[in-house]
Amino acid sequence: MSTVNGAGGRDTWVLGIETSCDETAAAVVDAGRDVRSSVVSSQVDLHARFGGVVPELASRAHVDLLTPVVAEALVTAGADGPDIAAVAATIGPGLVGALLVGVSYGKALALVWDVPFVGVNHLEGHLYACFLDEPNLELPAVVLLVSGGHTMLILMEEQGRYQMLGETIDDAAGEAFDKVARFLGLGYPGGPAIDRLAMDGDPEAVRFPRGLLDEAYDFSFSGLKTSVITHVRKNPDLAVEDIAASFQEAVVDVLVTKARRAAQATGAKAICLAGGVAANSALRERTLDACIADGLQAYVPSRAMCTDNAAMIAAAGWWRLQHDGPSALDMGADPQLRLPVM
Ligand code: KG4
Ligand code: ZN
């Protein structure tokens with residue numbers, strides 16, 4: 001495949017690789033903004049019968065899937081090895097075995113192609129998904145980062161400069177969706193199943209507790225999960241649609257209330273959604289309504305950019321490369337990696 005500038009490569013194309021959990025993903029992104037390709041191979045079917053991600057199975061599936069996924073990302077982008085200016089791979093947080101597959105693969109490609117390798121923080125990747133859909137995103141912005149493993153309220157002051165306003169003290173929002181769905185027999189992952197059922201349910205049917213609603217910015221969802229379980233056991237005839245809608249309403253109410261509060265207190269210009277739970281229909285709708293009411297910009301990335309993907313890793317990797325330079329090739333995976341905050 002030919003190159004654009006004839007000089008041996010397009011010097012702003014980054015290949016992103018994401019293998020932190022159960023999605024094997026690769027993408028080519030130009031200058032951290034323009035998605036040339038984004039391929040995601042989900043292992044959901046593989047893990048569904050176990051009701052959650054089985055780490056060893058995830059690692060093995062990444063080994064099998066990564067080569068074809070990277071090949072498809074390159075072909076779709078119209079890129080060849082020499083077209084790629086850098087390789088960015090997720091180094092954490094995540095499952096250590098799964099991470100190591102992507103990190104080793106990314107380093108090997110960087111060595112073969114003789115281009116820089118950039119290790120990317122998965123959480124920072126989710127923040128950068130906002131820029132892919134909205135390159136002119138206005139900062140400072142409050143980002144609600146809600147996934148299967150994390151629930152964070154972050155003030156993004158400028159690119160790479162974050163303040164952690166609050167976090168969950170127990171379950172993550174996505175974890176609550178998954179656990180409640182499992183209890184209701186809806187399978188894994190639970191978020192999309194509850195989202196679908198809730199569309200036919202009454203969100204006011206049951207007033208479930210809003211954990212820590214009056215506390216500033218921290219979250220708690222484990223009491224809500226227990227409350228749903230207790231309520232359903234006592235009222236077995238309640239329609240599952242109503243339970244799903246009422247549970248979802250409790251989660252969304254807390255998330256949106258705190259994001260609005262944070263935006264008001266910090267003078268942020270915008271509220272952004274990020275992470276898998278940001279694919280939730282009610283959360284998206286309520287965030288848009290709240291931003292209109294409060295005169296804020298709302299950045300709600302496409303559903304594909306909310307859930308795990310490699311375009312967001314390539315975008316964050318591009319920025320890190322400009323800002324910090326390449327990562328050392330002895331950089332390892334860090335399953336407990338935190339977002340770099342001030
Ligand atoms: O960001 P993500 O793809 O992976 C992690 O890094 O965790 O998020 C996955 C989480 C799962 O808990 C899943 O149930 C949840 O996002 N999720 C949703 C929806 N789609 C995915 N939760 C609520 N509503 C959805 N539509
Ligand atoms: Zn994620």
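Give me the percent of the accessible area of the chain that comes from carbon and sulfur atoms, probe 1.4 Å, all protein chains in place. List each step's numbers first, then the result.
Details: 7060 of 13790 Å².
After summing per-atom areas, the C and S share lands at 51 percent.
Loop-only trypsin sites (Lys or Arg not before Pro) in the range 235-313, please: DSSP not H, G, I, E or B, and at most 16 other Cβ atoms within 10 Å.
Numbers: sites: 258, 260, 261, 269, 284, 286, 303; in loops: 269.
Sparse-neighbourhood loop trypsin sites (Lys or Arg not before Pro): 269.
So for the chain: antiparallel DSSP bridges make up what percent, rounded to the nearest 5? Write down the numbers at each step before the final one.
Details: 26 of 45 bridges.
Taking every DSSP beta bridge with both residues in the chain, the antiparallel ones total about 60 percent.
Compute the accessible area per residue over the range 135-300, keeping the other protein chains in place, probe 1.4 Å, unit Å².
Numbers: 6810 Å² over 166 residues.
Result: 41 Å² per residue.
Output the 0 to 90 degree angle, nearest 10, between the alpha-carbon long axis of helix 222-234 and the longest principal axis computed from the alpha carbons of the chain.
Between helix and principal axis, roughly 50 degrees.
Using alpha carbons only, how many degrees (0 to 90, rounded to 10) separate the axis of helix 122-133 from the longest principal axis of the chain?
Around 90 degrees separate the two axes.
Please report Rg over Rh for the range 135-300, where both radii come from the alpha carbon positions and Rh follows the Kirkwood definition. Don't jump to the answer; show the numbers that get you there.
Values: Rg = 15.6 Å, Rh = 15.9 Å.
Reported Rg/Rh, Kirkwood definition of Rh: 0.98.
Determine, for the range 135-300, the count of lysine pairs separated by eight or more sequence positions (or lying on different chains) whose alpha-carbon distance falls under 29 Å. The partial results should precede the final answer.
Values: 179/225; 179/234; 179/258; 225/234; 225/258; 258/269.
Summing the qualifying lysine pairs gives 6.
With each run of n ≥ 4 DSSP H residues scored as -39500 (n - 2.57), what mean residue ellipticity at 222 nm is computed for the chain after dividing by its residue count and rounding to the nearest 500 deg cm²/dmol?
Numbers: 11 runs with 150 residues, N = 342.
Computed ellipticity for the chain at 222 nm equals -14000 deg cm²/dmol.
Going by amide H atoms built from the backbone, whose H comes under 5 Å of the H on residue 86, apart from near neighbours?
Under 5 Å from the amide H of residue 86: 15.
Once both axes come from the Cα atoms, what is the angle between helix 173-183 and the longest principal axis of the chain, in degrees from 0 to 90, rounded to 10?
That works out to roughly 60 degrees.
If you take every residue apart from residue 107 with its C-beta less than 13 Å away from the C-beta of residue 107, what net charge results, scoring Lys and Arg +1 and Asp and Glu -1? Mind showing how you got there, number by number?
Values: positive: none; negative: 114, 330.
Here the charged neighbours net out to -2.
Rounding to the nearest 20 debye, state how big the charge dipole of the chain is about its Cα centre with +1 on each Lys and Arg Cβ and -1 on each Asp and Glu Cβ. Write down the numbers at each step before the final one.
Details: 24 positive and 43 negative charges, 59 e Å.
The calculation lands at about 280 debye.
Around residue 227, with a cut-off of 15 angstrom between Cβ atoms, what is the net charge of the other residues, counting Lys and Arg +1 and Asp and Glu -1? Numbers along the way, then the final one.
On the way: positive: 179, 207, 210, 225, 233, 234; negative: 170, 171, 242, 249, 253.
Spelling it out: positives minus negatives among the neighbours equals +1.
With springs connecting C-alpha atoms under 10 Å apart, model the chain as a Gaussian network and identify which of 229, 91, 243 has the largest mean-square fluctuation.
Sorting by GNM fluctuation, first place goes to 229.
The values are calculated or read from the model by the stated rules, or taken from the named source; none is laboratory data. Values in this document were obtained by computation on a predicted structure and should not be read as measured data. In this analysis, Cβ positions are derived from the backbone assuming ideal geometry, glycine residues included, and neighbour counts consider all displayed protein chains. Side chains are part of the model used for accessible areas, which takes the heavy atoms of the whole protein and leaves out ligands, DNA and RNA. Shrake-Rupley method; radii C 1.70, N 1.55, O 1.52, S 1.80 Å.
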